[in-house]
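Engineer: Structure below; questions to follow.
Derivation of every value follows stated rules applied to the coordinates shown; laboratory data play no part. Since the model is a prediction, treat every value here as computed from it, not as a measurement. Cβ: placed from backbone, ideal geometry, glycine included. Neighbour counts: every protein chain shown.
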Amino acid sequence: MAKQFECTMEDCDFMIRANEEGEVIHIVREHAQDKHGMSMSDKDVRKGMANA
Ligand SMILES: [Zn+2]
């Protein structure tokens with residue numbers, strides 16, 4: 001089942017959808033770090049993840 005994650009930061013319209021949960025986690029963590037200087041754990045990402 002595909003997974004998706006939408007960034008909830010203000011003024012950010014980043015959204016990722018992928019077949020692998022691990023891929024979503026990887027990309028979201030990179031995004032959070034690069035765009036928001038924020039470090040997210042795998043757990044943090046999973047909380048915001050939805051089935052797509
Ligand atoms: Zn963002």
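Engineer: Just give me the residues in the stretch 1-32 being within 14 Å of the ligand (Cβ to nearest atom), of a type in the set (D, E, K, R) and in contact with a strand residue (DSSP E or B) (Cβ under 7 Å, 6 or more places away or on another chain), in sequence order.
Structural biologist: Glu6 - this is the single residue of the stretch 1-32 that is within 14 Å of the ligand (Cβ to nearest atom), of a type in the set (D, E, K, R) and in contact with a strand residue (DSSP E or B) (Cβ under 7 Å, 6 or more places away or on another chain).
Engineer: Counting only residues that are within 17 Å of Met1 (Cα to Cα), within 15 Å of the ligand (Cβ to nearest atom) and of a type in the set (A, V, I, L, M), which one in the stretch 33-52 is nearest to the chain's Cα centre (by Cα)?
Structural biologist: Once the filter is applied, the top-ranked residue is Val45.
Engineer: Restricting to the stretch 4-52, what's the tally of residues that are touching a residue at least 40 places away in the same chain (Cβ under 8 Å) and surrounded by 13 or more Cβ atoms within 10 Å (Cβ to Cβ)?
Structural biologist: Qualifying residue count, the stretch 4-52: 7.
Engineer: Given Ala50, Ala32, which one is small (Gly, Ala, Ser) and in a helix (DSSP H, G or I)?
Structural biologist: Ala32 is the lone residue from the list that is small (Gly, Ala, Ser) and in a helix (DSSP H, G or I).
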